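Below is one structure, written out as structure tokens; the observations come after it.
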Amino acid sequence: MRILYGVVGEGMGHATRSSVILEHLTREHEVHVVVSGRAREYLSQRFENVHKIWGLTIQYEGNSVRKLGTLLENLKGAVKGFPENIRAYFELVDEFKPDVVVSDFESFSYLYAKNHMLPCISVDNMQIINRAKQAPELLSGHEKDFDLTRSIVKTKLPGCFHYLVATFFYPELRKDRTTLLPSILRPEILAAKSEPGDHLLVYQTSTTNTELMNALTKSGLPCKVYGVRRGIKTDEVEDNLTFRPFSEAAFIDDLRTSRAVVAGGGYTLMSEAVYLHKPLLSLPVQGQFEQTLNALYLQQLGYGRHAEALDEKTLNAFLADVPRHAEALKGYMQDGNRLMLEALDHQIALAAARVR
């Protein structure tokens with residue numbers, strides 16, 4: 001089969017998840033990848049036929065999305081990026097001619113499928129917002145944000161052949177052609193052995209969230225902090241905080257040996273913490289309700305706590321509950337990526353049969 005695979009480039013979670021699936025698909029199929037942002041460099045180092053396209057970006061201030069800055073940056077990028085995408089579009093039409101499209105929340109590959117009447121299979125964690133029922137009590141106080149986010153997700157990849165949704169929580173479905181499946185985990189996480197430790201693993205994609213750093217310093221606990229100082233080459237220590245340059249091996253080792261995790265609401269790290277049975281205090285980026293929903297389910301299941309901001313009181317309350325969260329996490333089990341990869345193979349086979 002010839003498969004066009006699209007990866008949204010905002011946030012590295014989509015790239016690491018797609019890497020697992022691409023490793024599987026490229027064993028038997030010819031695959032071309034279209035991807036934007038930082039995810040392109042990550043995937044191009046691991047796979048052939050990775051094509052750069054322009055995609056949306058998000059700007060942050062503190063722990064919130066800068067709405068005006070994000071809008072202006074995307075408008076500026078669209079002036080140059082849209083023609084580049086059109087050129088990439090025609091190159092793929094002339095040279096590749098895919099049979100099936102797989103999209104990780106990426107619009108270009110989806111539109112390619114629609115324009116060429118090809119089946120598109122959605123593989124991501126976002127579609128659970130639109131395709132599953134959410135309990136009113138879970139959304140209490142967040143109804144407007146949820147409705148807005150669901151309307152965006154609903155229009156992102158409508159009418160796909162099938163939706164494979166990665167998740168660690170399982171609400172009732174409200175739409176057909178949808179399958180909820182365990183989280184997609186990179187091999188290094190599956191191979192990691194969880195061990196108890198004393199430090200907190202802290203991960204933040206926003207480099208301007210000073211309130212979080214102040215609260216962690218006041219805690220006195222050893223904290224290994226990633227993502228805040230992106231340009232550093234070696235560890236930088238300030239009081240009880242160790243700011244670390246990104247290293248996949250070091251990050252996973254710090255995760256598997258941590259006492260607990262303090263992070264945003266991004267799905268990838270949250271799913272890895274759940275798999276390794278590490279309690280997590282989730283501070284979703286304000287303005288990204290998908291992260292808030294992840295955190296609300298995490299809290300409902302007893303795997304961690306959701307907080308809109310971190311102060312000393314919130315952190316201490318979470319730390320006091322770490323034993324209870326750890327006990328709840330003992331009940332979480334999954335058989336690697338087997339179920340997701342088997343489901344994807346099945347849907348590709350069905351899609352191919354329809355095309356032929």
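The values are calculated or read from the model by the stated rules, or taken from the named source; none is laboratory data. Remember, it's a predicted structure, so these values are computed and weren't measured experimentally. Note: ideal-geometry Cβ built from the backbone for every residue, glycine included; neighbour counts use all protein chains shown. SASA here: full protein model, heavy atoms, side chains in, ligands and nucleic acids out. Shrake-Rupley method; radii C 1.70, N 1.55, O 1.52, S 1.80 Å.
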In degrees, nearest 10, the alpha-carbon axis of helix 312-329 is tilted away from the dominant principal axis of the alpha carbons of the chain by 60 degrees
Rounding to the nearest 10 and keeping the result within 0 to 90°, find how far the Cα-based axis of helix 289-300 lies from the longest principal axis of the chain. 50 degrees
Heavy-atom accessible area of the chain with neighbours in place, 1.4 angstrom probe: carbon+sulfur share in percent works out to 52 percent
Give me the 1.4 Å probe accessible area per residue for segment 139-227, excluding ligands and nucleic acids, in Å². 48 Å²
Restricting to segment 141-263, compute how many DSSP beta bridges are antiparallel as a %, nearest 5. 15 percent
How far, in degrees from 0 to 90, does helix 210-219 lean away from the longest principal axis of the Cα atoms of the chain, to the nearest 10? 40 degrees
Please get the size of the charge dipole for the chain, origin at its Cα centre, with Cβ charges of +1 on Lys and Arg and -1 on Asp and Glu, quoted in debye to the nearest 20. 640 debye
Between residue 193 and residue 301, Cβ-based FRET efficiency (R0 35 Å, step 0.05) works out to 0.90
For the chain, the Cα-Cα pair-distance distribution in 10 Å bins from 0, as whole percents, is 5, 24, 34, 26, 10, 2, 0
